[in-house]
Amino acid sequence: MTRKFFGTDGVRGTANTYPMTAEMALRIGAAVGRYFRNDGTNQHRVVIGKDTRLSGYMFENALTAGLTSTGMNVFLLGPVPTPAVGLLTTSMRADLGVMISASHNPAEDNGIKFFGPDGFKLSDDAEMEIEKLIEAGVESAQAQNIGRAQRIDDGRFRYIERVKSSLPRDLPLRGVKVVIDCANGAAYRAAPEALWELGADVIAVGVVPNGYNINQNCGSTSTRTAQEAVVAHGADVGICLDGDADRVMIIDENGHVADGDQIMGLLASRWAQSGQLKGGALVSTVMSNLGLERYLGAQGLRLERTAVGDRYVVEAMRRGGFNLGGEQSGHIVMTDYATTGDGLMAGLQFLAAMVQSGKPASALANVFETVPQLLKNVRYGAGQAPLEAESVKAAIAHAERSLAGQGRLLIRKSGTEPLVRVMAESEDAVLLEKAVDSVVEAVQAAVA
């Protein structure tokens, strides 16, 4: 059954446009409250965090109204990173965690992500059941059973302590000059504070949110600001987070960028050498570069691939007993420490590698040679289904035949935006571009 509201990472869209309206947020809050409060008592808890988007106030209030109307007691964390919600859901013995964020999307977008009582994101089956409740509507609690709402002032500090605990106490960061780019988002206070408390010399950028500038010319999806800051300040390394701080990109001392694949390759290799890596494998998605797979294979390690979305990575990790996974986009999941991607924690693991090895960031940020990869996006309109067009199917089949034995082709719809993503890999640059462009042109014609 096709999901109507949920994408690969919760419900997401333009604020004040269906389905991201205050009315829908209230309905979603009531539905998810009813789903988790199923025993008739009023002892149920939910924690709600958010990033720094202006619309976060609206959705926070609407969700609170919906949740309390079903008897859920709401604890409001204010601006905190997404991984903090996973952490506090479990530490506060809550039944549900909610993060209001559209992650790396621009400020006009927003989204709602859910975490179960174990701190992990909800399964597809759970989201389908919640969708049914959203559409059917739910019965409100009796007046005497309406839930309460209150603010929690120390959520950020609890998260900082958890992040710091992921590093050994005998591994100080004294003398390490770090640029931290918080994307004017949820970690704008937590990340610089954590690094400073660990002893680093901190240069913070993207830490003046105004409700409109989240991810704007900063953060993991726009690294130029951090790259310039690293070079200008003579910093040892740069850590770029996205709007809700569950993604990271690393900048070496020369201003070069390392993506999630390179970070995962480094960590998998080091963890395998120290005996920390479980299952002899790294879990990542179909988007990860073929070069990463070859690098791991040369060390006797496996790359377990999943569908795109950090939720699917985590599900595969839990099924297989693995403890390291992530995405090329910068989600790094370390289930020994967190229940979801944590950009700051991954950045600290990179810093640990620098301190322990005595090597500069440039020697650690490019551990394998990438296979040339080309990704192009085509936007489509409401109600359009370009991947169902026969002309597009034919173009995809032709491109796959042309790459057979020389590369691979991946076509998918984005789970967070109305985009068709066309990606291919091949060491033959001409063949690579021709394969991608032929599919892009077919999709563009289908949506014209």
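The values are calculated or read from the model by the stated rules, or taken from the named source; none is laboratory data. What you see is a predicted model, and the numbers here were worked out from it, not measured in a lab. Cβ placement follows ideal geometry from the backbone for every residue including glycine, while neighbour counts extend to all protein chains displayed. Note: accessible area is taken over every heavy atom of the protein model, side chains too, but ligands, DNA and RNA are not part of it. Shrake-Rupley method; radii C 1.70, N 1.55, O 1.52, S 1.80 Å.
Of the residues making up segment 352-366, just one is closer than 30 Å to R412 by Cβ and open to solvent by less than 40 Å² (accessible area, probe 1.4 Å), namely A365.
Among the residues of segment 34-63, those that are part of a helix (DSSP H, G or I) and open to solvent by 20 Å² or more (accessible area, probe 1.4 Å) comprise R34, Y35, F36, Y57, M58, N61.
How about segment 98-155: which of its residues are touching a helix residue (DSSP H, G or I) at 6+ places or on another chain (Cβ under 7 Å), under 21 Å from L87 (Cβ atoms) and of a type in the set (V, I, T)? The answer is V98, I100, I112.
Reported count of residues in segment 373-386, each being open to solvent by 60 Å² or more (accessible area, probe 1.4 Å), of a type outside the set (S, T, N, Q) and farther than 13 Å from I411 by Cα, is 3.
Candidates V248, V207: the one that is within 25 Å of G175 (Cβ to Cβ), among the aliphatic types (A, V, I, L, M) and in contact (Cβ under 8 Å) with a residue 60 or more places away in the chain is V248.
Scanning segment 210-223 for residues that are open to solvent by less than 30 Å² (accessible area, probe 1.4 Å) and either without any contact (Cβ under 8 Å) to a residue 60 or more places away in the chain or of a type in the set (D, E) (or both) yields a total of 2. Every test in (1) within 13 Å of the chain's Cα centre (by Cα); (2) modelled with pLDDT of 95 or more is passed by A352 save one, and that test is (1). Within segment 315-324, work out how many residues are open to solvent by 10 Å² or more (accessible area, probe 1.4 Å) and within 19 Å of the chain's Cα centre (by Cα). Result for segment 315-324: 4.
What tally of residues in segment 69-91 results from selecting those that are more than 20 Å from R189 (Cα to Cα) and out of contact with any strand residue (DSSP E or B) (no Cβ under 6 Å at 6 or more places or on another chain)? Of the residues in that region, 5 qualify. Looking across segment 6-24, the residues that are open to solvent by 50 Å² or more (accessible area, probe 1.4 Å) and either over 26 Å from D310 (Cα atoms) or in a strand (DSSP E or B) (or both) come down to T14, N16, T17, E23.
Flag set for V392, criterion: crowded, with 16+ Cβ neighbours inside 10 Å and of a type outside the set (D, E). Residue by residue through segment 68-90, note down the ones that are open to solvent by 10 Å² or more (accessible area, probe 1.4 Å) and either hydrophobic (A, V, I, L, M, F, W, C) or touching a Pro at 6+ places or on another chain (Cβ under 9 Å) (or both). Correct list: F75, L76, L77, P79, L87, T90. Does I112 satisfy being assigned to a strand (DSSP E or B), open to solvent by less than 20 Å² (accessible area, probe 1.4 Å) and touching a residue at least 40 places away in the same chain (Cβ under 8 Å)? Spelling it out, I112 is indeed assigned to a strand (DSSP E or B), open to solvent by less than 20 Å² (accessible area, probe 1.4 Å) and touching a residue at least 40 places away in the same chain (Cβ under 8 Å). When R93, R3, R27 are checked against the criterion of being assigned to a loop (DSSP other than H, G, I, E, B), open to solvent by 10 Å² or more (accessible area, probe 1.4 Å) and within 24 Å of G147 (Cα to Cα), a single residue qualifies: R93.
Residues being open to solvent by less than 20 Å² (accessible area, probe 1.4 Å) and either under 23 Å from G13 (Cβ atoms) or part of a helix (DSSP H, G or I) (or both) are represented in segment 132-147 by at least one member. One residue is enough: does segment 51-67 have a residue meeting the conditions touching a Pro at 6+ places or on another chain (Cβ under 9 Å) and under 14 Å from A25 (Cβ atoms)? Yes, that holds for at least one residue. Restricting segment 67-125 to residues that are within 21 Å of I214 (Cα to Cα) and of a type in the set (V, I, T), the residue that is nearest to the chain's Cα centre (by Cα) is T82. Can you confirm whether Y212 is out of contact with any helix residue (DSSP H, G or I) (no Cβ under 7 Å at 6 or more places or on another chain) and within 24 Å of G330 (Cα to Cα)? So Y212 passes the test. From the list A338, A395, A316, A399, pick out the single residue that is in a loop (DSSP other than H, G, I, E, B), in contact (Cβ under 8 Å) with a residue 12 or more places away in the chain and small (G, A, S). Matching residue, one of A338, A395, A316, A399: A338.
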